[in-house]
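We did not get these values from a lab; they are worked out from the coordinates using the rules stated. Remember, predicted model here, so these are calculated numbers, not experimental data. In this analysis, Cβ positions are derived from the backbone assuming ideal geometry, glycine residues included, and neighbour counts consider all displayed protein chains.
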Amino acid sequence: MSKFKSEKIRNIVLVGHGAVGKTTLADQMLFKAGVGSRAGSVDDGTSLLDTDDEARLHHFSISSAMVHFEHHGMRVNVIDTPGYPDFVGQVISAVCAAETALITINASAGIEANTRRTFELAGKAHLARIIVINKLDQENVDFAGLVESIQDSFGANCIPLNVPCGVAANFHAVKSTLTSHAERNGSIVDPAMYGSSVMDIIAETDDELMERYLDGQELTADEVLGGVNKAIASGALVPIVCICAKTGVGVTELMDAIADFALTPGELVRHATADSGQDIEVNAAEDAPFVAQVFKTRIDPFVSKMSFIRVLSGKLTKDSVVKDMRTGRGIKIHQLLDVQGGQVEAVDEAHAGDVVVVAKIDDFQVGDTLVNGDRGVTLPSLHFPTPMIGLAVEPKSRSDQQKISGALHKIEEEDPTFRITRDPQTHEMVMRGMSDLHLQIVQERLHKRDKVDVVTHAPKVPYRETIASRAEGSYRHKKQSGGSGQFAEVHIRLYALPQGIDPTTYFTRDRFESLREHHYDPELNFAFLDCVTGGSVPNQFIPAVEKGIRERMERGVLAGYQVQDVAAALFFGKDHPVDSNEAAFRTAASNCFRDVFKQAKPSLLEPIMHLDIFVPGEKLGDITGDLNTRRGRMEGMDSLSGGMQVVHARAPLAELMTYARSLSSITGGQGSFTMEFSHYEPVPPNEQHKIISAAQLGSDDD
């Protein structure tokens, strides 16, 4: 690995929609570079990049995979990514490890939903972009129309560097648009019609070339290649190349373009933040201080945990000590591995521009910045979309109980868009992913790799309970069963507590009679008020009263949900010199709170979510209509590039459990959304009655 200097390394990432042939293209490039005796195949399970059992089973990529080859004296590192938006986390992390993105398009299908998303994702990361039109051997391909569609969607600077010769089954070669006096010679369009546009862009990037070009002087081949490279690096040119990955037509020319035009590690300027807060540039130089980033984690049954690391500057050697900026800890690197699909080979060092794997370091997480010595430099964190689809999960058998947490944690480490949470209110373990397919793959991985089977169901909605008016009451707890008994009597007054109060000024003696002390919980907007006078409740039992109230609040009164937005004032009580104790007062307080709560106009609250919905402009009417059926309300919209719109809305979580499926159906897979918790609102009376009836809490009421 270390024999390649930074300027001889090309790091590319294959992105695009699903089923456009990215993995097949990577296999074909490996074959043409002399890696293997034949090209691997996704269909027959021999692809070098399908390292997961699930990928081989479903015949599509589920996680990113890395291979490399040599071409024209260059080492080309290829990161192949999944094409379905269900696994977008793998794309986001892979993009940060490359300098050039190959956006692959199916010639017959055209621009699809994830094509737009990955094109913009690569642009935001400032990667050079090359559009690869694949599957030109299929029927009904309108090349000129497809180029026009690409230019309409992504800009007029998307221009072919070559054009196809022949169509469908007759597609047998490509012809460059950069050759002097380009002629048709079997190509389905005149290369010159695109070549002049490329030359115009080249000339605009260099004043000297512009002057010669306008004077009618012919540029040399080296000047043309250098101009194309400069235009691609600046973003002024997004070249289009033509291939058929399955037959190999045009693949060699694409590899030539990668060697000639893909950015070197030093051509993409990366920034980091020093401990002082200053923004600094990270230079891809071997003699610079070591800086690297973990961009992928893979749990291999044989190699254990594998952390994929992109070396951005300096050098990493075996047995060196690096500092993880997230934890601040120094970690010794015992082993470095060069990866070729599912195969690994030990290496001694990795230089700026290299991608290397570190094995058996449990501390590393995706996004971590690694440095040497005491240097304090942190790279920008990676931002992943919040997983929207949830399933409550529990082990299928007792034997799975011991293994489920560890197995799910491994998947969470590998997949930045997969989350496991335990809801403290519903007491469910909930796994969240990007889609139903995403969670299906997770279950298959649990079964195949970890031998864990699970049962899933829709998670419960975490409703809350509250009151709308003031009420008061008392409860006497008296129990005698031989020997010392239990006795406690408490008198409680409940108040509806508005949101957004300032506890330092709200809780006063003027508002709450005889107030001595208050304890405020901002998370639940709950206050316990000590308003006892004359010592009717001994001071040592007042904490037990608060504890009993909190226990009942956690269990709920109406339907078993957490209570919030309430102030509970203890203002009177009675005790017994022998039979009173903390347990008695805790029980009395719990039951008193329950009884008074029922008198204070109780109601249910439901979580309201803020939504950002990304949809094609022509689907806006359908989206707003669907939101109305979900008790949602629009709050605005913004226009995006490529004819997309983002709709800002709010809707109850209970109505969004199946929203991902509906959005996909409405938009033909082109829509996506994010959501986050906004606030709680009262549940409509008709819905509230259904929820309370379904709860059937009689057995929990004591």
Need the C-alpha centroid separation for segment 449-525 versus segment 645-697, integer Å.
28
On a C-alpha basis, how far is the centre of segment 302-368 from the centre of segment 551-582 in Å? Whole number, if you could?
55
Would you work out the relative contact order for segment 270-378, in percent, from Cα pairs under 8 angstrom that are 6 or more residues apart?
33
By the mean-Cβ-within-10 Å protection proxy, highest first, 581-591, 6-16 rank as 6-16, 581-591
Place a +1 charge on the Cβ of each Lys and Arg in segment 396-525 and a -1 charge on the Cβ of each Asp and Glu, then give the dipole magnitude about the Cα centre in debye, rounded to the nearest 20.
520
As I understand it, the value is the acute angle between the Cα axis of helix 221-234 and the longest principal axis of the Cα atoms of the chain; what does it come to in degrees, rounded to 10?
10
Using packing as a proxy for protection, rank 508-514, 252-258, 136-142, 242-248 so that the peptide with the highest average count of other Cβ atoms within 10 Å comes first.
242-248, 252-258, 136-142, 508-514
Considering the options ASN229, VAL442, GLN138, tell which one lies farthest towards the positive end of the dipole of the chain, charges being +1 on Lys and Arg and -1 on Asp and Glu at the Cβ, about the Cα centre.
VAL442
In terms of the charge dipole of the chain, which places +1 on Lys and Arg and -1 on Asp and Glu at the beta carbon, the residue among GLN540, PHE418, ASN628 farthest towards the positive end is GLN540
Angle in degrees between helix 685-695 and the longest Cα principal axis of the chain, rounded to the nearest 10:
80
HN-Hα J in Hz across segment 446-456 - Karplus 6.51, -1.76, 1.60, θ = phi - 60°, x for Gly and Pro:
4, 5, 6, 8, 10, 6, 10, 10, 10, 10, 10
Compute the acute angle (0 to 90°) between the alpha-carbon long axis of helix 22-32 and the principal axis of greatest extent of the alpha-carbon atoms of the chain; round to the nearest 10°.
40
Taking other Cβ within 10 Å of each residue's Cβ, how do ARG326, ARG464 sort, fewest first?
ARG326, ARG464
Placing +1 on each Lys and Arg Cβ and -1 on each Asp and Glu Cβ in the chain, then taking the dipole about the Cα centre, the residue among ILE492, ILE280, VAL67 whose Cα reaches farthest towards the positive end is ILE492
Treating only Lys and Arg (+1) and Asp and Glu (-1) as charged, each at its beta carbon, one finds that segment 270-378 has a dipole about its Cα centre, in Debye to the nearest 20, of 320
What's the FRET efficiency of THR317 with HIS409 using the Cβ-Cβ distance as r and R₀ = 22 Å, to the nearest 0.05?
0.10
Remind me, relative contact order of the chain in percent, using alpha carbon pairs under 8 angstrom and six or more residues apart?
10
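Would you please give the FRET efficiency between ASP502 and LYS478, computed as 1/(1 + (r/R0)^6) with r the Cβ-Cβ distance and R0 = 45 Å, to the nearest 0.05?
0.65
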Using the Karplus equation 6.51 cos²θ - 1.76 cosθ + 1.60 (θ = phi - 60°), what ³J(HN,Hα) coupling, rounded to whole Hz, does each residue of segment 70-75 give in order, writing x for Gly and Pro?
10, 8, 6, x, 10, 9
FRET efficiency for ALA259 and ASP215 from the Cβ-Cβ distance with R0 = 35 Å, rounded to 0.05, comes out at 0.65
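Roughly how big is the chain's charge dipole about its Cα centre, with Cβ charges of +1 (Lys, Arg) and -1 (Asp, Glu), in debye to the nearest 20?
Values: 69 positive and 96 negative charges, 528 e Å.
Computed about the Cα centre, the dipole is about 2540 debye.
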State, as an integer percentage, the relative contact order of segment 389-457 based on alpha-carbon contacts under 8 Å between residues 6 or more apart.
47
What list of ³J(HN,Hα) values in whole Hz, one per residue of segment 152-157 in order, does the Karplus curve 6.51 cos²θ - 1.76 cosθ + 1.60 (θ = phi - 60°) give from phi, with Gly and Pro shown as x?
5, 7, 10, x, 5, 7
Rank by packing, highest mean first: peptides 390-403, 667-680, with packing defined as the count of other Cβ atoms within 10 Å averaged across residues.
667-680, 390-403
Using the alpha-carbon centroid of each, what span in Å lies between segment 190-215 and segment 251-297?
29
Amide H of SER320 versus every other amide H placed in the peptide plane: which residues, excluding those fewer than 5 positions away on the same chain, fall under 5 Å?
ILE333
